[in-house]
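Visitor: Below are the structure tokens for one structure; questions will follow.
What follows draws every value from the coordinates through simple rules; no lab data is involved. Values in this document were obtained by computation on a predicted structure and should not be read as measured data. Virtual Cβ from ideal backbone geometry, glycine too; neighbours counted across all protein chains shown.
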Amino acid sequence: MKKKITFLLMFVLSLSMVSAQGTFRFGTSATPEGKTLLVDSKGLILDGKHIIPVMGEIHYSRVPESEWRREIRKMKAGGINIISTYIFWIHHEPEEGKWNWSGNHNLRRFVRICAEENVMLVLRLGPFCHGEVYQGGIPSWVHEKAGQNPKYKIRARTPGFLEDCTELYNTIFAQVNGLLWKDGGPVVGVQIENESRGPWDYLEALKNIAVKAGFDVPFYTRTGWPALRGKEIFGQLLPLYGDYADGFWDRKLEDMPGSYADAFIMRDKRMSSAIATETFSKEELSEDSPSLSSKLSYPYFTCELGGGMMPAYHRRININGRELKPLVICKLGSGSNLPGYYMYHGGTNPYNPLHTMGETQASPGTNHNDLPHMTYDFQAPLGEVGQVFETPFHEGRFIHQILTDWGSELLQMNVDSLSRHYARRGAFEFYNDYVRIKNESGTSHVTFKDYRTEGATIDWTTVEPFCKVDGLIYFIEIRGKKPQISVDGKVYTCKLNKQQKAGKLNVCVLSYEKAKTAYKIDGKLLYAKNGGILYKSDSCIVEEVWTKSPVIAATVTEVKKADAPRVVPMGRQAVAAQPVEEDFAKAAVYTINYDTSGINNYDNLFLRINYRGDVARVYADGRLVADNFWNGKEMWVRMADLVGKKVELKILPLRKDATVYFQKEQKAMIEAAKGDYMLGLDSVEVIERHTLEFNDTF
């Protein structure tokens with residue numbers, strides 16, 4: 001019996017150890033069809049070939065079920081080929097034993113759509129997720145248990161809590177059973193917990209629970225921050241990293257406090273003090289080995305590159321859209337081989353009559369900030385209702401296409417040269433001197449240097465590579481630079497949007513504006529004709545275009561003027577506290593009406609509201625459906641949530657002396673307002689989403 005136990009223990013340990021061939025061994029790496037997915041020190045290996053995929057986060061339970069397929073297709077159009085998603089415990093089991101896996105919570109359907117759309121999927125299992133969700137996704141009944149039993153400790157290796165986590169993992173697995181990579185499904189990885197400071201044995205216990213539940217996947221991950229207590233066992237969980245352009249969680253009411261600017265420089269460290277990624281020493285990144293040449297180390301993957309950011313009540317960050325490209329360029333230049341974005345697609349919190357589903361200072365857990373009750377737009381490339389934030393969407397897409405066409409080559413290239421603004425990896429040069437707020441005039445780009453291709457050498461370029469199509473290399477202009485390519489010692493000045501010869505090579509340099517319309521789909525370069533985005537459906541190419549409705553107009557009537565603005569109090573965490581429901585009795589109130597005679601489908605109609613004030617809320621028959629902390633940007637509302645109901649817009653005035661952070665452009669608007677506060681409603685527009693279909697020849 002002792003021999004059997006020893007053999008079983010060795011077998012279980014082998015599932016997480018590293019192999020002699022230099023790849024990590026986690027779960028089953030092969031599909032029934034023979035496709036393989038492995039991880040080594042450099043990155044992911046798909047069917048024996050290194051790749052640099054791009055991962056983007058979307059939360060299915062924050063997006064209407066009817067929109068999942070279309071939004072996944074738009075993410076793919078942006079260059080995303082791995083989707084990551086939190087599974088928020090509080091969304092699925094708000095009351096103990098009462099599970100909800102239907103409608104927008106139908107995880108199994110979401111996973112099936114990912115499979116049908118041919119994207120890989122990483123599930124972030126929790127139990128704690130954060131995600132700016134109430135109590136980080138831990139249900140209230142769990143907190144009640146902890147309050148009643150001192151031995152029941154949340155996020156700890158205690159019997160009662162681990163039993164509830166076992167039930168959670170088992171129930172999640174039942175939803176995805178048969179849809180893992182080994183089954184031919186899309187689930188390639190799972191993340192255990194999130195941002196845990198607990199001891200290593202807590203994460204180890206959760207991983208063992210996940211494996212026992214049935215999660216047999218090519219890799220297991222954790223966030224590479226914050227520092228754990230105790231040394232972890234190498235090779236059990238891949239640490240994934242992150243960096244953000246700014247942070248709503250900061251306590252300071254000033255521009256770019258602390259180390260946020262470090263996200264915009266090249267560096268040989270994976271850590272970011274902005275999110276406490278200080279976990280590993282250099283020695284802990286690799287397995288112990290007497291031979292350095294055979295040492296296996298963790299690849300440099302990210303899961304939380306934040307080109308976007310939520311505004312908290314006390315810190316109203318306004319993302320301009322230029323942040324995403326410099327962030328990913330700095331990470332690639334520094335040696336990272338998997339960009340992972342948080343968030344790539346925004347969403348809306350589910351309605352809960354008992355309490356907000358957003359993070360709040362007043363909750364028992366995850367109570368550092370006040371976030372909106374409903375909106376989770378995140379100023380992401382694809383927003384709360386699927387609207388396109390053009391600059392990060394396109395500039396990110398340009399880089400992602402480079403990784404699709406040249407990623408296998410780039411991954412093999414080490415960092416040869418690195419300084420704050422410049423890095424070289426083999427034949428790829430990375431440059432960035434843009435820093436959010438501090439140097440908005442900076443530039444960011446990737447160029448070739450001594451790149452061998454098609455029997456020629458590209459000595460250097462002042463244009464950025466984009467894609468390869470039928471023997472033609474497409475580039476994109478770097479605005480402000482003369483478009484030139486040096487091939488085999490001869491310099492060629494390029495005309496924009498014209499194919500031409502550059503020595504032995506066929507090249508075409510697209511203007512920046514032309515590139516925004518260009519998509520490589522099934523090996524062809526197609527162009528959007530109407531300024532929208534292109535993606536592939538089952539049988540055709542779709543161009544999605546958003547325009548102001550030419551036939552439907554919103555009629556706005558002021559029914560109550562605002563009372564004197566409230567005095568903004570400090571919350572439990574010593575930052576400004578958001579208003580409570582009773583405060584909206586002092587708000588300006590407007591009714592919104594519109595004539596939609598003959599309209600049968602409201603799914604493609606939205607309200608775009610431009611206002612000035614502190615906080616805005618939209619109610620449908622008295623129920624809160626949308627809210628917004630003013631940061632200078634518009635508010636979006638799905639009209640499908642409003643149909644046939646009395647629609648009220650409430651806006652609280654913003655005191656000029658509120659202890660709230662705003663950027664200089666918003667500060668100027670506040671100061672320009674007459675009197676002691678700012679309040680105004682500038683427009684309420686009906687926006688239509690159009691989908692134009694073309695055959696595959698376009």
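Visitor: Subtract the Cα-Cα distance of residue 640 and residue 671 from 0.36 nm times their separation in residues, and report this length gain in nm to one decimal.
Guide: Gain on stretching residue 640 to residue 671: 7.5 nm.
Visitor: If you average the alpha carbon positions of the range 662-677 and of the range 563-629, how far apart do those two centres end up, in angstrom?
Guide: 20
Visitor: Applying a 10 Å radius around every beta-carbon, put 352-364, 321-333 in order of their mean neighbour count, most first. Let's see the in-between values first.
Guide: Values: 352-364: 18.2, 321-333: 24.9.
In decreasing order of mean packing, 352-364, 321-333 become 321-333, 352-364.
Visitor: Find which of 356, 632, 120 sits farthest along the positive direction of the dipole of the chain, computed with +1 on the beta-carbon of Lys and Arg, -1 on that of Asp and Glu, about the Cα centre.
Guide: Result: 120.
Visitor: Can you list the HN-Hα couplings for the range 452-468, worked out from phi with the Karplus curve (6.51, -1.76, 1.60; θ = phi - 60°), rounded to whole Hz and with x for Gly and Pro?
Guide: Taking θ as phi minus 60°, the curve returns 8, 7, 6, x, 10, 10, 7, 5, 6, 9, 10, 10, 9, x, 10, 6, 10 Hz for the range 452-468.
Visitor: If I model a spin label as a point 7 Å beyond the Cα along the Cα-Cβ vector, how far apart are those points for residue 183 and residue 692 in nm?
Guide: Each label point is offset 7 Å from its Cα along the Cβ direction, giving 4.1 nm.
Visitor: Identify all aspartates and glutamates with a Cα-Cα distance to residue 145 below 16 Å; exclude those on the same chain that are fewer than 8 residues away in sequence.
Guide: 93, 95, 96, 163, 164, 167
Visitor: So what's the back-of-envelope 222 nm ellipticity for the chain, counting only DSSP H runs of four-plus at -39500 (n - 2.57) apiece and dividing by all residues, rounded to 500?
Guide: Values: 11 runs with 123 residues, N = 698.
Taking each H run of at least 4 residues, the total per residue is -5500 deg cm²/dmol.
Visitor: Next up: Can you tell me the order of 296-308, 639-651 when each peptide is scored by its average per-residue count of other Cβ atoms within 10 angstrom, highest first?
Guide: Most protected by this proxy first, the peptides run 296-308, 639-651.
Visitor: If you take log10 I(q)/I(0) by the Debye sum over Cα atoms at q = 0.05, 0.07, 0.08 Å⁻¹ from the coordinates, which of (i) -0.24, -0.48, -0.64; (ii) -0.29, -0.57, -0.74; (iii) -0.20, -0.41, -0.54 do you get?
Guide: (i)
Visitor: How much space per residue, in cubic angstrom, does the convex hull of the C-alpha atoms of the range 50-408 take up?
Guide: Each residue corresponds to 136 Å³ of Cα convex hull volume.
Visitor: Right, something else. Please list, or write none, the lysines whose alpha carbon is within less than 19 Å of the alpha carbon of residue 656, excluding same-chain residues fewer than 8 places away.
Guide: Leaving aside lysines fewer than 8 places away in the same chain, those within reach of residue 656 are 252, 561, 586, 633, 664, 667, 674.
Visitor: What share of all Cα pairs of the range 177-275, in percent, falls into each consecutive 10 Å distance bin?
Guide: Answer for the range 177-275: a P(r) of 14, 35, 28, 19, 4, 0 percent.
Visitor: With a Förster radius of 51 Å, plug the Cβ-Cβ distance of residue 141 and residue 433 into 1/(1 + (r/R0)^6) and report the FRET value to the nearest 0.05.
Guide: The formula returns an efficiency of 0.50 here.
Visitor: Here's another thing I want to ask about it. Based on the alpha carbon coordinates of the range 290-396, what radius of gyration and maximum Cα-Cα distance (Dmax) apply, in Å?
Guide: 17.7, 60
Visitor: I would also like to ask the following. Residues of the range 40-81 with backbone nitrogen within less than 14 Å of a virtual label 7 Å along the Cα-to-Cβ line of residue 23, please, listed as ranges.
Guide: Only 40-51 fall inside the zone, counting backbone N under 14 Å.
Visitor: Would you please classify the overall shape of the range 549-698 from the alpha carbon gyration tensor, given that a ≥ b ≥ c denote the square roots of the eigenvalues, rounded means a/c under 1.5, and beyond that prolate means a/b larger than b/c while oblate covers the rest?
Guide: Prolate.
Visitor: In square nanometres and to one decimal, what's the mean projected area of the convex hull around the Cα atoms of the range 470-509?
Guide: Hull-based average projected area comes out at 2.7 nm².
Visitor: Could you tell me which of rounded, prolate or oblate describes the range 421-530, using a ≥ b ≥ c as the square roots of the eigenvalues of the alpha-carbon gyration tensor, with rounded for a/c under 1.5 and, failing that, prolate when a/b is larger than b/c and oblate otherwise?
Guide: It is oblate, given that a/c is not under 1.5 and a/b is not larger than b/c.
Visitor: Using Cβ counts within 10 Å as a stand-in for footprinting exposure, how do 472, 505 rank, fewest first?
Guide: 472, 505
Visitor: Which of 182/520; 42/325; 269/449 have a Cα-Cα distance over 26 Å?
Guide: Over 26 Å Cα-Cα: 182/520.
Visitor: Among the lysines, select those whose C-alpha is under 17 Å from the C-alpha of residue 495, and discard any that sit fewer than 8 residues away in the same chain.
Guide: Partners found: 481, 482, 514.
Visitor: Tell me, in nm to one decimal, what length is gained between residue 157 and residue 657 on full extension, where the rule is 0.36 nm per residue of separation less the Cα-Cα distance?
Guide: Length gained between residue 157 and residue 657: 175.4 nm.
Visitor: Any idea what the dipole of the range 548-694 comes to, in debye rounded to 20, about its Cα centre with Lys/Arg Cβ at +1 and Asp/Glu Cβ at -1?
Guide: Rounded to the nearest 20 debye, it is 340 debye.
Visitor: So how do 656-665, 342-351, 511-520 stack up, highest first, on mean other-Cβ count within 10 Å?
Guide: Per-residue mean Cβ counts within 10 Å order the peptides as 342-351, 511-520, 656-665.
Visitor: Ok, one more. How large is the dipole of the chain about the Cα centre if only Lys and Arg carry +1 and Asp and Glu carry -1, each at its Cβ, rounded to the nearest 20 debye? Intermediate results must be reported in sequence, preceding the final value.
Guide: Numbers: 86 positive and 84 negative charges, 209 e Å.
Rounded to the nearest 20 debye, it is 1000 debye.
Visitor: Compute the distance in nm between two label points, each set 7 Å from the Cα along the Cα-to-Cβ direction, one at residue 521 and one at residue 570.
Guide: Label-label distance for residue 521 and residue 570, simple model: 5.6 nm.
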